[in-house]
1. Say whether the condition of being loosely packed, with under 14 Cβ neighbours inside 10 Å, under 21 Å from Met136 (Cα atoms) and of a type in the set (S, T, N, Q) is met by at least one residue in the range 98-106.
2. If a residue must be loosely packed, with under 13 Cβ neighbours inside 10 Å and of a type outside the set (D, E, K, R), how many such residues does the range 74-95 contain?
3. Yes or no: His44 under 30 Å from Phe119 (Cβ atoms) and at pLDDT 90 or above?
4. Any idea which of Ala59, Ala83 is in a helix (DSSP H, G or I) and farther than 11 Å from Ala29 by Cβ?
5. Check Tyr25 against each of (1) among the hydroxyl-bearing types (Ser, Thr, Tyr); (2) touching a His at 6+ places or on another chain (Cβ under 8 Å); (3) under 17 Å from Phe138 (Cα atoms) and name the one condition it does not meet.
6. When Leu54 is evaluated against the numbered criteria (1) modelled with pLDDT of 95 or more; (2) part of a loop (DSSP other than H, G, I, E, B), which criterion, by number, is the only one it fails?
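The values are calculated or read from the model by the stated rules, or taken from the named source; none is laboratory data. Because the structure is a prediction, the values reported are computed rather than measured. Cβ: placed from backbone, ideal geometry, glycine included. Neighbour counts: every protein chain shown.
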Amino acid sequence: MYAGAGPPKPLRPICQGMLTHEYTYAYGAVDVCTGELDSLILPHVNTACMQLFLEEVSARNPQDRIIMVIDGAGWHRSDALKAPENIYLLKLPPYAPELNPIEHVWDELREKYFHNRVFKSLDALEDHLLMALKTMEFDPGTVGSIVSWPWIISAFLTSFVN
């Protein structure tokens, strides 16, 4: 029996936490027909880094004509951003990120590779991110199963067959 002035107060568990203000960013583009993924890890999200990413995708796929779906982020829509000759930037309507196939790749990346993970440093996080992206790049079957929805393939094929 408790002999105090009332029931004991609940104890709040102590949890370790780390606040950080360091960031790294993954850029990615996925081919919805093949599941091929191109990715790049860059230090910022801005027009200059987006330009680097576009040039990298163009250089990796010089023989392809690429339609890259982009959302309304400022660095995607800047007048300073110049798409390479083989890339056409297709702008999504506002507030529709779920229509962009790469968003589903990011969901998979977070769920499978970063769920409940803590890293000792930004370098450790980047190493893990690089491993995760490379794993996805080397597994187009899995990536394709995430992004190759019947409606998008049908729309893609209808647009280019006619």
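1. No, the conditions are met nowhere in the range 98-106.
2. The number of residues fulfilling the criteria is 7.
3. On the way: under 30 Å from Phe119 (Cβ atoms): yes; at pLDDT 90 or above: yes.
So His44 passes the test.
4. Details: Ala83 fails: in a helix (DSSP H, G or I).
The conditions single out Ala59.
5. Answer for Tyr25: the failing condition is (3).
6. In the conditions (1) modelled with pLDDT of 95 or more; (2) part of a loop (DSSP other than H, G, I, E, B), Leu54 misses (2) alone.
A quick yes/no check of all residues on (1) in contact with a Pro (Cβ under 9 Å, 6 or more places away or on another chain); (2) over 30 Å from Gln16 (Cβ atoms):
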| position | (1), (2) |
| --- | --- |
| Leu52 | no, yes |
| Ile66 | yes, yes |
| Gly74 | no, yes |
| Leu92 | no, yes |
| Glu98 | no, yes |
| Glu108 | no, no |
| Ala124 | no, no |
| Leu133 | no, no |
| Thr142 | no, yes |
